[in-house]
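Input: a single structure, listed below in structure tokens.
The values are calculated or read from the model by the stated rules, or taken from the named source; none is laboratory data. It should be emphasised that the depicted structure is a prediction, and the values quoted were computed from it without experimental measurement. Cβ sites come from the backbone with ideal geometry, for glycine too, and all protein chains shown count toward neighbours.
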């Protein structure tokens with residue numbers, strides 16, 4: 001059952017795939033169905049958070065003693081990554097306690113550092129996949145009439161070996177891969193095709209306005225909606241990791257004001273002059289926090305803690321402990337503004353807003369404050 005959803009990228013049609021989280025939820029659905037009905041399903045189906053239906057045939061679905069085991073093969077579409085083709089396996093058994101308990105087995109990593117989506121010691125199964133897995137298992141339980149609880153154990157047979165080729169060990173995830181996905185869908189990321197698509201969307205946006213919001217990804221788009229800024233009528237373009245290319249294109253098209261809105265994990269890299277923010281090109285978040293903390297008077301212990309921090313949120317916790325967060329963020333924001341001004345040569349007004357899912361808005365560069373105030377005034381008078 002091929003997954004036949006496509007996105008246009010430049011002049012190409014690229015096939016989408018589905019995340020490890022979607023695979024895990026489908027596998028849990030199949031194992032729960034076999035356990036509670038005695039029949040192995042020939043097809044598994046769910047609607048992802050993005051709203052797209054995914055229908056697959058299980059790689060296998062069988063009983064092993066008192067447990068049901070179902071596997072779904074990961075399909076990354078035209079954006080193959082390290083997990084493409086791996087089996088995501090769910091083992092489901094009855095439990096005395098009500099509800100659905102979820103844990104990770106072999107090949108699923110364990111969190112060893114604070115600041116990630118899950119607490120230290122937990123399986124690296126992120127919040128949205130956990131919800132999807134629980135929803136699928138619970139739906140099967142209700143349909144079957146079973147009144148007890150369920151335990152779901154996720155495993156990835158090749159996960160530990162594959163994880164060594166990823167950034168998981170650097171992030172503090174040991175022993176395997178993460179089960180991820182916020183939309184449930186993998187959208188292709190062919191670099192040149194994606195830049196072409198960004199340019200097309202920027203051209204369309206420029207036809208409507210000389211003002212622009214740029215967001216690296218869904219977190220930024222969600223933040224714009226939460227703040228109500230998406231209702232200002234200012235075009236918004238998602239630029240993925242290609243912040244430099246997006247700014248260069250915006251400059252060439254004659255945009256006058258641009259505000260970048262995104263998670264600090266991406267945008268803090270601008271302080272180091274990094275405008276291609278994918279981690280395979282540069283992952284200098286901790287180093288930047290450490291350097292600016294040192295400029296603000298941090299001691300060696302704080303600098304070491306920052307260098308060991310796995311995430312931006314962990315860096316912020318270190319800075320709070322040292323009483324340095326306001327000063328360091330102000331220093332980073334000045335550096336980001338300087339880099340934006342150099343990139344655009346002053347030919348357009350570009351600023352940035354950084355936020356964290358844990359700490360909320362962290363700050364705005366000087367130009368971002370000025371531009372947003374102007375836009376808000378214009379919107380209120382409209």
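Restricting 206, 227 to those that are in the same structural domain as residue 366 (by TED's automatic domain parsing), touching a strand residue (DSSP E or B) at 6+ places or on another chain (Cβ under 9 Å) and free of Cβ contacts under 8 Å to residues at least 12 places away in the same chain reduces the list to 227. Among residues of the range 84-113 that are on the phi > 0 side of the Ramachandran plot, those with a beta-carbon under 7 Å from a residue that is in a strand (DSSP E or B) and at pLDDT 95 or above at least six positions away or on a different chain give the pairs 85/73; 99/149; 107/155; 107/176; 107/177.
Considering only strands (runs of 3 or more DSSP E) fully contained in the range 9-120, which possess at least 3 residues that are in the same structural domain as residue 144 (by TED's automatic domain parsing) and buried (at least 16 other Cβ atoms within 10 Å of the Cβ)?
Values: elements: 12-15, 44-47, 53-56, 60-64, 67-73, 87-95, 100-104.
Qualifying strands (runs of 3 or more DSSP E): 67-73, 87-95, 100-104.
Of the residues making up the range 184-198, those that are under 23 Å from residue 245 (Cβ atoms) and either part of a loop (DSSP other than H, G, I, E, B) or modelled with pLDDT of 90 or more (or both) are 187, 188, 189, 190.
For the range 109-126, does any single residue satisfy the condition of being out of contact with any helix residue (DSSP H, G or I) (no Cβ under 9 Å at 6 or more places or on another chain) and over 25 Å from residue 263 (Cβ atoms)? Within the range 109-126, none of the residues are out of contact with any helix residue (DSSP H, G or I) (no Cβ under 9 Å at 6 or more places or on another chain) and over 25 Å from residue 263 (Cβ atoms).
Taking the criterion of being within 12 Å of residue 178 (Cα to Cα) and surrounded by 15 or more Cβ atoms within 10 Å (Cβ to Cβ), would at least one residue in the range 135-155 satisfy it? Spell out the reasoning first.
As a first pass, look at the range 135-155 and keep what is within 12 Å of residue 178 (Cα to Cα): 154-155.
Still in the list and also surrounded by 15 or more Cβ atoms within 10 Å (Cβ to Cβ): 154-155.
Yes, some residue in the range 135-155 is within 12 Å of residue 178 (Cα to Cα) and surrounded by 15 or more Cβ atoms within 10 Å (Cβ to Cβ).
Selection within the range 278-293: residues that are under 18 Å from the mean Cα position of the chain (by Cα) and surrounded by fewer than 23 Cβ atoms within 10 Å (Cβ to Cβ). The member of this set that is nearest to residue 198 (Cα to Cα) is 278. Only one residue in 340, 260, 329 is within 22 Å of the chain's Cα centre (by Cα), buried (at least 20 other Cβ atoms within 10 Å of the Cβ), closer than 24 Å to residue 213 by Cα and in the same structural domain as residue 217 (by TED's automatic domain parsing). Which one? Of the residues listed, the single one that is within 22 Å of the chain's Cα centre (by Cα), buried (at least 20 other Cβ atoms within 10 Å of the Cβ), closer than 24 Å to residue 213 by Cα and in the same structural domain as residue 217 (by TED's automatic domain parsing) is 260.
Condition check ((1) within 17 Å of residue 134 (Cβ to Cβ); (2) at pLDDT below 95) across all residues:
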| site | (1), (2) |
| --- | --- |
| 17 | no, yes |
| 25 | yes, no |
| 56 | no, no |
| 62 | no, no |
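Only one of the numbered conditions (1) surrounded by fewer than 15 Cβ atoms within 10 Å (Cβ to Cβ); (2) at pLDDT below 95; (3) assigned to a loop (DSSP other than H, G, I, E, B) is violated by residue 170, and that is (3).
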